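Q: Mind having a look at this structure? Questions to follow.
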Amino acid sequence: MGMGKESLSTTTTDATGATFKLVGFNNFIRANPRSDFFSVKRFHHIEFWCGDATNTSRRFSWSLGMPITAKSDLSTGNSVHASYLLRSVSGELQFVFTAPYSPSISVPSTAGIPSFSTSTHRDFTAKHGLGVRAVALEVENAYLAFSASVSHGAKPRFEPVTIDEHVAVAEVHLYGDVVLRFVSFVKDADSLIFLPGFEAMDETSSFKELDYGIRRLDHAVGNVPELGPVVDYIKAFTGFHEFAEFTAEDVGTAESGLNSVVLANNDETVLLPMNEPVYGTKRKSQIQTYLEHNEGAGVQHLALVTEDIFRTLREMRKRSGVGGFEFMPSPPPTYYKNLKSRAGDVLSDEQIQACEDLGILVDRDDQGTLLQIFTKPVGDRPTIFIEIIQRIGCMLKDENGQVYQKGGCGGFGKGNFSELFRSIEEYEKMLEAKHVNQVAAA
(Lines give C-alpha, C1' and ligand atoms only; values in the text may rest on other atoms or scores of the structure.)
Protein backbone atom coordinates (compact mmCIF):
# COMPACT_ATOMS: atom_id res chain seq x y z
CA MET A 1 0.00 0.00 0.00
CA GLY A 2 1.39 3.37 -0.97
CA MET A 3 1.32 6.54 1.11
CA GLY A 4 -1.49 8.87 0.12
CA LYS A 5 -0.78 12.57 0.01
CA GLU A 6 -3.98 13.41 1.82
CA SER A 7 -3.27 11.13 4.79
CA LEU A 8 0.27 12.46 5.11
CA SER A 9 -0.52 16.13 5.32
CA THR A 10 2.38 18.20 6.62
CA THR A 11 0.14 21.05 7.76
CA THR A 12 -1.06 21.17 11.36
CA THR A 13 -2.73 23.76 13.55
CA ASP A 14 -1.24 24.47 16.97
CA ALA A 15 -3.05 25.41 20.18
CA THR A 16 -3.08 29.11 19.25
CA GLY A 17 -4.74 28.41 15.93
CA ALA A 18 -1.60 29.22 13.96
CA THR A 19 -0.75 27.00 11.01
CA PHE A 20 2.50 25.05 11.12
CA LYS A 21 3.58 23.83 7.71
CA LEU A 22 6.61 21.84 6.63
CA VAL A 23 7.94 22.54 3.16
CA GLY A 24 10.05 19.37 2.97
CA PHE A 25 13.71 18.71 2.29
CA ASN A 26 13.85 19.88 -1.32
CA ASN A 27 12.05 23.17 -0.70
CA PHE A 28 13.70 24.05 2.61
CA ILE A 29 16.15 26.96 2.36
CA ARG A 30 18.72 26.90 5.14
CA ALA A 31 19.49 30.23 6.79
CA ASN A 32 21.08 31.21 10.08
CA PRO A 33 19.62 34.43 11.50
CA ARG A 34 21.79 34.10 14.65
CA SER A 35 18.72 34.72 16.72
CA ASP A 36 19.58 33.02 20.05
CA PHE A 37 18.23 34.80 23.13
CA PHE A 38 21.19 33.73 25.28
CA SER A 39 24.75 32.57 24.67
CA VAL A 40 25.00 28.80 24.08
CA LYS A 41 28.41 27.14 23.92
CA ARG A 42 27.78 23.41 23.45
CA PHE A 43 26.11 20.31 24.78
CA HIS A 44 27.44 19.82 28.32
CA HIS A 45 25.98 16.45 29.36
CA ILE A 46 23.04 14.08 29.09
CA GLU A 47 21.47 12.72 32.27
CA PHE A 48 19.72 9.36 32.19
CA TRP A 49 17.31 8.36 34.93
CA CYS A 50 17.25 4.65 35.66
CA GLY A 51 16.43 2.15 38.41
CA ASP A 52 20.03 1.05 39.00
CA ALA A 53 22.74 3.59 38.15
CA THR A 54 25.63 1.26 38.98
CA ASN A 55 24.82 -1.45 36.48
CA THR A 56 23.36 0.83 33.80
CA SER A 57 26.43 3.07 33.78
CA ARG A 58 28.74 0.07 33.58
CA ARG A 59 26.83 -1.37 30.63
CA PHE A 60 27.02 1.92 28.72
CA SER A 61 30.71 2.24 29.60
CA TRP A 62 31.47 -1.25 28.27
CA SER A 63 29.28 -0.77 25.19
CA LEU A 64 30.54 2.67 24.14
CA GLY A 65 34.14 2.66 25.35
CA MET A 66 33.59 5.58 27.73
CA PRO A 67 35.27 5.29 31.14
CA ILE A 68 33.33 5.99 34.33
CA THR A 69 35.30 8.95 35.60
CA ALA A 70 33.32 10.44 38.51
CA LYS A 71 30.66 9.62 41.06
CA SER A 72 28.33 11.18 43.56
CA ASP A 73 26.92 8.50 45.86
CA LEU A 74 27.00 7.22 49.43
CA SER A 75 30.77 7.00 49.33
CA THR A 76 31.01 10.75 48.63
CA GLY A 77 28.39 11.69 51.24
CA ASN A 78 25.40 11.86 48.87
CA SER A 79 22.48 10.12 50.61
CA VAL A 80 19.87 11.25 48.06
CA HIS A 81 20.92 9.60 44.80
CA ALA A 82 23.68 7.64 43.10
CA SER A 83 25.10 9.31 39.99
CA TYR A 84 27.94 8.07 37.80
CA LEU A 85 29.62 10.08 35.05
CA LEU A 86 30.87 8.59 31.79
CA ARG A 87 33.21 10.83 29.83
CA SER A 88 34.79 10.32 26.42
CA VAL A 89 38.58 10.58 26.18
CA SER A 90 38.10 13.90 24.37
CA GLY A 91 36.18 15.24 27.38
CA GLU A 92 33.44 16.55 25.07
CA LEU A 93 30.85 13.80 25.64
CA GLN A 94 29.42 13.27 29.13
CA PHE A 95 26.67 10.87 30.21
CA VAL A 96 25.34 10.84 33.78
CA PHE A 97 23.29 7.93 35.16
CA THR A 98 21.18 8.61 38.25
CA ALA A 99 19.03 6.49 40.56
CA PRO A 100 17.57 7.36 43.99
CA TYR A 101 18.32 6.02 47.43
CA SER A 102 15.55 5.43 49.95
CA PRO A 103 13.89 8.68 51.02
CA SER A 104 14.09 7.46 54.61
CA ILE A 105 17.84 8.11 54.68
CA SER A 106 17.98 11.11 52.34
CA VAL A 107 19.48 14.40 53.46
CA PRO A 108 18.51 16.80 50.64
CA SER A 109 21.51 19.08 51.12
CA THR A 110 23.87 16.21 50.20
CA ALA A 111 22.49 15.73 46.66
CA GLY A 112 25.12 15.98 43.93
CA ILE A 113 22.58 17.33 41.43
CA PRO A 114 20.56 20.07 43.17
CA SER A 115 17.42 19.69 41.02
CA PHE A 116 17.05 15.98 41.80
CA SER A 117 13.70 14.85 43.23
CA THR A 118 13.12 11.28 44.40
CA SER A 119 9.37 11.42 43.80
CA THR A 120 9.80 12.90 40.32
CA HIS A 121 12.42 10.26 39.51
CA ARG A 122 10.13 7.44 40.61
CA ASP A 123 7.25 8.80 38.54
CA PHE A 124 9.58 9.19 35.54
CA THR A 125 11.04 5.67 35.62
CA ALA A 126 7.67 4.06 36.33
CA LYS A 127 6.23 5.83 33.29
CA HIS A 128 9.16 5.71 30.85
CA GLY A 129 11.64 3.10 32.06
CA LEU A 130 15.25 3.96 31.20
CA GLY A 131 15.30 7.38 29.58
CA VAL A 132 16.91 10.78 29.24
CA ARG A 133 15.78 13.22 31.90
CA ALA A 134 18.01 16.19 31.04
CA VAL A 135 19.66 17.57 27.93
CA ALA A 136 22.24 19.94 29.42
CA LEU A 137 23.75 22.90 27.59
CA GLU A 138 26.80 24.84 28.67
CA VAL A 139 25.80 28.49 28.48
CA GLU A 140 27.57 31.74 29.26
CA ASN A 141 25.30 32.44 32.23
CA ALA A 142 22.66 30.02 33.54
CA TYR A 143 20.81 32.82 35.36
CA LEU A 144 20.48 34.87 32.18
CA ALA A 145 19.60 31.81 30.08
CA PHE A 146 16.84 30.85 32.53
CA SER A 147 15.49 34.42 32.75
CA ALA A 148 15.50 34.88 28.97
CA SER A 149 13.83 31.51 28.42
CA VAL A 150 11.06 32.04 30.96
CA SER A 151 10.42 35.57 29.74
CA HIS A 152 9.91 34.10 26.25
CA GLY A 153 7.45 31.45 27.41
CA ALA A 154 9.55 28.55 28.72
CA LYS A 155 8.00 26.55 31.55
CA PRO A 156 10.34 26.77 34.56
CA ARG A 157 11.37 23.50 36.21
CA PHE A 158 14.26 24.52 38.49
CA GLU A 159 15.27 28.07 39.28
CA PRO A 160 18.98 28.93 39.06
CA VAL A 161 21.28 28.06 41.93
CA THR A 162 25.04 28.39 42.31
CA ILE A 163 26.81 25.33 43.74
CA ASP A 164 29.81 26.07 45.98
CA GLU A 165 30.37 29.36 44.14
CA HIS A 166 31.60 27.38 41.13
CA VAL A 167 28.72 26.26 38.91
CA ALA A 168 25.27 27.67 38.19
CA VAL A 169 22.47 25.28 37.22
CA ALA A 170 18.87 25.86 36.10
CA GLU A 171 16.20 23.93 34.20
CA VAL A 172 13.20 24.56 31.95
CA HIS A 173 10.74 22.18 30.35
CA LEU A 174 11.76 20.83 26.92
CA TYR A 175 9.15 18.22 25.90
CA GLY A 176 7.39 15.36 27.64
CA ASP A 177 9.15 14.82 30.99
CA VAL A 178 12.52 15.96 29.59
CA VAL A 179 14.15 19.16 30.83
CA LEU A 180 16.63 21.50 29.17
CA ARG A 181 19.33 22.12 31.76
CA PHE A 182 21.55 25.22 31.71
CA VAL A 183 25.06 24.91 33.16
CA SER A 184 27.53 27.78 33.49
CA PHE A 185 30.84 28.05 35.29
CA VAL A 186 31.44 30.93 37.67
CA LYS A 187 35.11 30.27 38.46
CA ASP A 188 37.78 27.58 38.69
CA ALA A 189 36.03 25.32 36.19
CA ASP A 190 39.27 23.49 35.45
CA SER A 191 39.49 22.30 39.05
CA LEU A 192 36.17 20.45 38.82
CA ILE A 193 35.83 16.89 37.60
CA PHE A 194 32.12 17.53 36.83
CA LEU A 195 29.81 19.32 39.27
CA PRO A 196 30.84 20.16 42.84
CA GLY A 197 30.32 17.10 45.03
CA PHE A 198 31.39 14.64 42.34
CA GLU A 199 34.63 12.78 43.03
CA ALA A 200 36.97 10.79 40.80
CA MET A 201 36.30 7.08 40.50
CA ASP A 202 38.76 4.62 42.00
CA GLU A 203 41.15 3.16 39.45
CA THR A 204 39.76 -0.33 40.12
CA SER A 205 36.11 0.72 39.75
CA SER A 206 36.02 1.66 36.09
CA PHE A 207 37.15 0.50 32.66
CA LYS A 208 39.62 3.38 32.52
CA GLU A 209 41.48 2.00 29.51
CA LEU A 210 38.36 2.00 27.33
CA ASP A 211 38.33 4.17 24.21
CA TYR A 212 36.61 3.09 20.99
CA GLY A 213 36.98 6.51 19.35
CA ILE A 214 33.68 8.15 20.35
CA ARG A 215 34.23 11.86 20.94
CA ARG A 216 31.12 14.07 21.26
CA LEU A 217 27.35 14.41 21.03
CA ASP A 218 26.21 15.55 17.58
CA HIS A 219 22.46 15.72 18.13
CA ALA A 220 19.75 14.63 20.55
CA VAL A 221 16.50 13.55 18.87
CA GLY A 222 13.07 13.82 20.46
CA ASN A 223 9.80 12.13 19.51
CA VAL A 224 6.63 14.16 20.11
CA PRO A 225 2.94 13.59 19.31
CA GLU A 226 2.71 16.82 17.29
CA LEU A 227 5.59 18.87 15.91
CA GLY A 228 3.96 22.28 15.50
CA PRO A 229 3.37 23.24 19.14
CA VAL A 230 6.72 21.83 20.32
CA VAL A 231 8.83 23.46 17.60
CA ASP A 232 7.07 26.78 18.12
CA TYR A 233 7.55 26.52 21.91
CA ILE A 234 11.30 25.75 21.75
CA LYS A 235 12.00 28.33 19.04
CA ALA A 236 10.07 30.93 21.02
CA PHE A 237 12.07 30.61 24.23
CA THR A 238 15.54 29.84 22.81
CA GLY A 239 15.61 31.83 19.57
CA PHE A 240 17.02 28.70 17.87
CA HIS A 241 16.53 28.53 14.09
CA GLU A 242 15.36 25.73 11.81
CA PHE A 243 18.34 23.83 10.44
CA ALA A 244 16.58 21.17 8.35
CA GLU A 245 13.17 19.68 7.54
CA PHE A 246 12.04 16.25 6.42
CA THR A 247 8.53 15.07 5.60
CA ALA A 248 7.14 11.56 5.17
CA GLU A 249 7.53 11.98 1.42
CA ASP A 250 11.27 12.61 1.99
CA VAL A 251 12.08 9.83 4.44
CA GLY A 252 9.20 7.34 4.69
CA THR A 253 8.78 3.82 3.38
CA ALA A 254 5.80 2.27 1.64
CA GLU A 255 4.59 1.18 5.09
CA SER A 256 5.26 4.03 7.54
CA GLY A 257 7.08 7.32 8.09
CA LEU A 258 7.49 10.56 10.01
CA ASN A 259 7.85 14.31 9.77
CA SER A 260 10.94 15.95 11.28
CA VAL A 261 12.39 19.38 12.08
CA VAL A 262 15.94 20.13 13.27
CA LEU A 263 16.56 23.20 15.44
CA ALA A 264 20.02 24.69 16.00
CA ASN A 265 21.75 27.39 18.02
CA ASN A 266 23.72 30.26 16.50
CA ASP A 267 26.93 28.27 16.13
CA GLU A 268 25.00 25.15 15.03
CA THR A 269 26.88 23.10 17.63
CA VAL A 270 23.64 22.17 19.40
CA LEU A 271 21.27 20.30 17.09
CA LEU A 272 17.82 19.28 18.34
CA PRO A 273 15.87 17.22 15.79
CA MET A 274 12.26 16.35 16.63
CA ASN A 275 9.96 13.83 14.98
CA GLU A 276 6.20 13.34 14.84
CA PRO A 277 4.29 10.29 13.56
CA VAL A 278 2.25 10.27 10.37
CA TYR A 279 -1.02 8.41 10.01
CA GLY A 280 -2.94 6.58 7.30
CA THR A 281 -0.04 4.27 6.39
CA LYS A 282 -0.04 0.48 6.15
CA ARG A 283 1.82 0.14 9.42
CA LYS A 284 1.80 2.30 12.52
CA SER A 285 4.59 4.90 12.43
CA GLN A 286 7.68 3.94 14.42
CA ILE A 287 7.31 7.28 16.17
CA GLN A 288 3.83 6.31 17.34
CA THR A 289 5.18 2.98 18.60
CA TYR A 290 7.81 4.89 20.58
CA LEU A 291 5.20 7.27 22.03
CA GLU A 292 3.07 4.33 23.18
CA HIS A 293 5.91 2.44 24.84
CA ASN A 294 7.43 5.60 26.33
CA GLU A 295 3.98 6.80 27.44
CA GLY A 296 4.52 10.16 25.81
CA ALA A 297 7.19 12.38 24.31
CA GLY A 298 10.86 11.83 25.06
CA VAL A 299 14.38 11.52 23.71
CA GLN A 300 14.40 8.88 20.96
CA HIS A 301 18.12 8.65 20.27
CA LEU A 302 21.50 10.26 20.76
CA ALA A 303 23.90 10.61 17.83
CA LEU A 304 27.54 10.20 18.92
CA VAL A 305 30.42 11.36 16.73
CA THR A 306 33.43 9.07 16.36
CA GLU A 307 36.79 9.97 14.87
CA ASP A 308 36.97 6.51 13.20
CA ILE A 309 33.68 4.73 12.73
CA PHE A 310 35.35 1.54 11.50
CA ARG A 311 37.42 1.20 14.67
CA THR A 312 34.43 2.12 16.84
CA LEU A 313 32.14 -0.42 15.21
CA ARG A 314 34.70 -3.22 15.38
CA GLU A 315 35.08 -2.64 19.10
CA MET A 316 31.35 -2.28 19.75
CA ARG A 317 30.42 -5.36 17.71
CA LYS A 318 32.97 -7.44 19.66
CA ARG A 319 30.90 -6.72 22.75
CA SER A 320 27.39 -7.07 21.27
CA GLY A 321 26.99 -10.60 22.59
CA VAL A 322 28.69 -10.04 25.94
CA GLY A 323 26.80 -7.19 27.56
CA GLY A 324 27.24 -4.60 24.82
CA PHE A 325 24.68 -3.00 22.52
CA GLU A 326 23.23 -4.87 19.56
CA PHE A 327 22.69 -3.25 16.16
CA MET A 328 19.81 -2.99 13.75
CA PRO A 329 20.00 -5.48 10.84
CA SER A 330 22.28 -4.47 7.99
CA PRO A 331 20.81 -3.38 4.63
CA PRO A 332 20.77 -5.90 1.76
CA PRO A 333 23.91 -6.47 -0.38
CA THR A 334 22.42 -4.39 -3.20
CA TYR A 335 22.81 -1.31 -0.98
CA TYR A 336 26.60 -1.75 -0.97
CA LYS A 337 26.83 -2.65 -4.65
CA ASN A 338 25.62 0.86 -5.43
CA LEU A 339 27.82 2.52 -2.80
CA LYS A 340 30.91 2.97 -4.97
CA SER A 341 28.97 5.06 -7.46
CA ARG A 342 27.52 7.18 -4.65
CA ALA A 343 30.59 7.64 -2.45
CA GLY A 344 33.59 6.24 -4.32
CA ASP A 345 35.17 9.70 -4.45
CA VAL A 346 35.24 9.85 -0.64
CA LEU A 347 35.61 6.23 0.48
CA SER A 348 38.24 3.76 -0.71
CA ASP A 349 37.30 0.27 -1.88
CA GLU A 350 38.58 -1.07 1.45
CA GLN A 351 36.38 1.36 3.37
CA ILE A 352 33.34 0.48 1.26
CA GLN A 353 33.97 -3.19 2.03
CA ALA A 354 34.32 -2.33 5.73
CA CYS A 355 30.97 -0.52 5.56
CA GLU A 356 29.35 -3.69 4.26
CA ASP A 357 31.12 -5.92 6.79
CA LEU A 358 30.08 -3.71 9.69
CA GLY A 359 26.62 -2.66 8.44
CA ILE A 360 27.48 1.04 8.17
CA LEU A 361 25.14 3.27 6.14
CA VAL A 362 26.47 6.10 3.96
CA ASP A 363 24.73 9.29 2.86
CA ARG A 364 25.80 12.71 1.65
CA ASP A 365 24.53 16.19 0.94
CA ASP A 366 25.98 19.00 -1.16
CA GLN A 367 28.63 19.71 1.47
CA GLY A 368 29.85 16.46 3.00
CA THR A 369 29.40 12.76 3.70
CA LEU A 370 27.77 10.99 6.64
CA LEU A 371 28.55 7.47 7.86
CA GLN A 372 26.04 6.12 10.37
CA ILE A 373 24.71 3.05 12.16
CA PHE A 374 21.98 2.51 14.77
CA THR A 375 21.81 0.25 17.78
CA LYS A 376 18.71 -1.62 18.77
CA PRO A 377 16.88 -0.11 21.77
CA VAL A 378 19.27 -0.11 24.73
CA GLY A 379 16.67 -0.78 27.44
CA ASP A 380 13.72 -3.08 28.04
CA ARG A 381 11.29 -0.98 26.01
CA PRO A 382 11.61 -0.35 22.25
CA THR A 383 12.30 3.32 22.87
CA ILE A 384 15.72 4.95 23.26
CA PHE A 385 18.69 3.90 21.12
CA ILE A 386 22.14 5.15 20.09
CA GLU A 387 23.39 6.31 16.69
CA ILE A 388 27.11 6.24 15.87
CA ILE A 389 28.20 8.66 13.15
CA GLN A 390 31.24 10.08 11.41
CA ARG A 391 31.03 13.24 9.31
CA ILE A 392 33.49 13.78 6.45
CA GLY A 393 34.16 17.19 4.88
CA CYS A 394 32.98 20.76 5.61
CA MET A 395 36.21 21.83 7.33
CA LEU A 396 36.39 25.57 8.05
CA LYS A 397 38.62 27.99 9.99
CA ASP A 398 37.39 30.30 12.72
CA GLU A 399 38.60 33.85 13.36
CA ASN A 400 41.54 32.47 15.34
CA GLY A 401 42.66 30.17 12.54
CA GLN A 402 41.42 27.04 14.30
CA VAL A 403 40.04 24.36 11.99
CA TYR A 404 36.56 23.03 12.79
CA GLN A 405 33.86 21.03 11.06
CA LYS A 406 30.64 22.75 10.10
CA GLY A 407 27.61 21.53 12.04
CA GLY A 408 25.45 18.90 10.37
CA CYS A 409 28.03 18.16 7.65
CA GLY A 410 26.67 15.43 5.38
CA GLY A 411 23.11 15.85 6.64
CA PHE A 412 21.12 13.50 8.85
CA GLY A 413 20.96 10.39 6.69
CA LYS A 414 17.94 11.34 4.60
CA GLY A 415 18.92 8.76 1.99
CA ASN A 416 19.16 6.08 4.68
CA PHE A 417 15.92 6.74 6.54
CA SER A 418 14.05 4.18 4.48
CA GLU A 419 16.70 1.53 5.25
CA LEU A 420 16.52 2.34 8.96
CA PHE A 421 12.74 2.27 8.94
CA ARG A 422 12.66 -1.07 7.16
CA SER A 423 14.97 -2.47 9.84
CA ILE A 424 12.74 -1.09 12.59
CA GLU A 425 9.65 -2.42 10.83
CA GLU A 426 11.18 -5.90 10.64
CA TYR A 427 12.20 -5.68 14.31
CA GLU A 428 8.66 -4.64 15.31
CA LYS A 429 7.15 -7.42 13.16
CA MET A 430 9.36 -9.93 14.97
CA LEU A 431 8.14 -8.66 18.35
CA GLU A 432 4.52 -8.72 17.15
CA ALA A 433 4.85 -12.26 15.80
CA LYS A 434 6.24 -13.51 19.10
CA HIS A 435 3.40 -11.82 20.98
CA VAL A 436 0.78 -13.41 18.70
CA ASN A 437 2.38 -16.85 19.10
CA GLN A 438 2.43 -16.50 22.86
CA VAL A 439 -1.22 -15.47 22.97
CA ALA A 440 -2.18 -18.39 20.70
CA ALA A 441 -0.24 -20.84 22.87
CA ALA A 442 -1.98 -19.58 25.98
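The values are calculated or read from the model by the stated rules, or taken from the named source; none is laboratory data. From a predicted model like this one, the values you see are computed outputs, not experimental measurements. Reconstructed Cβ throughout: ideal geometry from the backbone, glycine too, with neighbour counts over all protein chains shown. With ligands, DNA and RNA removed, areas are computed over all heavy atoms of the protein, side chains included. Shrake-Rupley method; radii C 1.70, N 1.55, O 1.52, S 1.80 Å.
Q: Nearest 500 deg cm²/dmol is fine: what mean residue ellipticity at 222 nm does the chain get from its DSSP H runs of n ≥ 4 alone, each adding -39,500 (n - 2.57), divided by its residue count?
A: -7500 deg cm²/dmol
Q: While we're here: Given Cα positions, please report Rg to Rh for region 302-386, the hydrodynamic radius being the Kirkwood one.
A: Here the Rg-to-Rh quotient is 0.98.
Q: Please report the relative contact order for the chain, taking Cα pairs under 8 Å with a sequence separation of at least 6, and give it as a percent rounded to a whole number.
A: 16 percent
Q: Same structure, new question: Under Stokes-Einstein, with the Kirkwood radius over Cα pairs standing in for Rh, what whole-number D in µm²/s applies to the chain at 25 °C and 0.890 mPa s?
A: Diffusion coefficient, whole number: 108 µm²/s.
Q: Here's something else I'd like to know. On full extension of the chain, what length is gained from Asp380 through Arg30, given 0.36 nm per residue of separation minus the C-alpha to C-alpha distance?
A: Net length gain for the segment: 122.2 nm.
Q: Related question: Beyond 24 Å, what share of the Cα-Cα pairs of region 114-217 is found? Please give it as a whole percent.
A: Every Cα pair in region 114-217 considered, those over 24 Å come to 38 percent.
Q: Got a number for the accessible area of Lys187? Probe 1.4 Å, square angstrom, nearest 10.
A: 90 Å²
Q: To continue, here is another question. Enumerate the calculated ³J(HN,Hα) couplings along region 321-328 in order (Karplus 6.51 cos²θ - 1.76 cosθ + 1.60, θ = phi - 60°), each rounded to whole Hz, writing x wherever the residue is Gly or Pro.
A: With the stated coefficients, region 321-328 comes to x, 10, x, x, 7, 9, 10, 4 Hz.
Q: Distance from the Cα centre of region 363-394 to that of region 218-292, in angstrom?
A: With region 363-394 and region 218-292 each reduced to a Cα centre, they are spaced 15 Å.
Q: Another question, if that's okay. If you build a Gaussian network model of the chain, linking Cα atoms that sit under 10 Å apart, which residue out of Thr120, Thr69, Thr110 swings the most?
A: Thr120
Q: Here's something else I'd like to know. I need the phi-derived Karplus couplings for region 334-346: 6.51 cos²θ - 1.76 cosθ + 1.60, θ = phi - 60°, integer Hz, Gly and Pro marked x.
A: 4, 4, 7, 5, 8, 6, 4, 6, 8, 9, x, 7, 10
Q: For region 231-375, take the convex hull of the Cα atoms, compute a quarter of its surface area, and give me that in nm², please.
A: The directionally averaged projection comes out at 11.1 nm².
Q: Give me the log10 of I(q) over I(0) for region 53-127 at q = 0.14, 0.17 Å⁻¹, as the Debye formula computes it from C-alpha points; what are the numbers?
A: -0.46, -0.65
Q: Here is a follow-up. Where does each of His152, His45 land when they are ordered by accessible area, with a 1.4 Å probe and the largest first?
A: The most accessible residue leads, giving His152, His45.
Q: Taking amide H positions as placed in the peptide plane 1.01 Å from N, state which residues far from Ala70 in sequence (5 or more) or on other chains have amide H under 5 Å from it.
A: Amide H to amide H, under 5 Å and 5 or more residues apart or across chains, Ala70 pairs with Leu85, Met201.
Q: Hey, another quick one. Considering only the other residues whose Cβ falls under 14 Å of the Cβ of Phe37, what net charge follows from Lys and Arg at +1 and Asp and Glu at -1?
A: Within the 14 Å Cβ shell, the charges total 0.
Q: For region 168-241, what Kirkwood radius comes out of the mean inverse Cα-Cα distance, in Å?
A: Mean inverse Cα-Cα distance, inverted, gives 16.3 Å.
Q: Same structure again: Between Cys394 and Ser119, 0.36 nm times their residue separation minus their Cα-Cα distance comes to what?
A: Here the answer is 94.4 nm.
Q: Under a 10 Å cutoff between Cα atoms, tell me which one of Asn265, Asn338, Asn32 has the largest fluctuation in the Gaussian network model of the chain.
A: Asn338
Q: Could you work out the equivalent-ellipsoid semi-axes for region 40-189, taking the square root of 5 times each eigenvalue of the Cα gyration tensor, largest first, in whole Å?
A: Taking √(5λ) for each Cα gyration eigenvalue gives 23, 18, 16 Å.
Q: Then there's this: Identify which of Asp345, Asp365, Asp73 has the largest mean-square fluctuation in a Gaussian network model of the chain, with springs joining Cα atoms closer than 10 Å.
A: Asp345
Q: Residue by residue, what Karplus-based ³J(HN,Hα) values in Hz, rounded to whole numbers, does region 114-129 have, using 6.51, -1.76 and 1.60 with θ = phi - 60° and x for Gly and Pro?
A: Result, rounded to whole Hz: x, 7, 5, 9, 4, 5, 5, 4, 5, 4, 4, 5, 5, 7, 10, x.
Q: Can you give me the long-range amide H partners of Arg133? Hydrogens built in the peptide plane at 1.01 Å from N, cutoff under 5 Å, separation of 5 or more residues or another chain.
A: Hits under the 5 Å cutoff: Glu47, Phe48, Trp49.
Q: To the nearest 10 degrees, how steep is helix 417-441 against the longest Cα principal axis of the chain, on a 0 to 90 scale?
A: Approximately 80 degrees, to the nearest 10.
Q: Need the C-alpha centroid separation for region 336-356 versus region 84-106, integer Å.
A: Answer, in whole Å: 39.
Q: Got a sec? What order do Ser320, Ser260 fall in by accessible area at 1.4 Å, biggest, i.e. largest, first?
A: Ser320, Ser260
Q: Name every cysteine in the chain that ends up alone, with no second cysteine's Cβ under 4.7 Å, or say none.
A: If one checks each Cβ against the other cysteines of the chain, Cys50, Cys355 turn up with nothing under 4.7 Å.
Q: Hey, what's the Kirkwood Rh for region 269-344 if you take every pair of different alpha carbons, in angstrom?
A: 16.2 Å
Q: Moving to a separate point now. If amide hydrogens are placed 1.01 Å from N in the peptide plane, which non-local residues have theirs closer than 5 Å to the one on His44?
A: Distant-sequence amide H within range of His44: Ala136, Leu137, Glu138.
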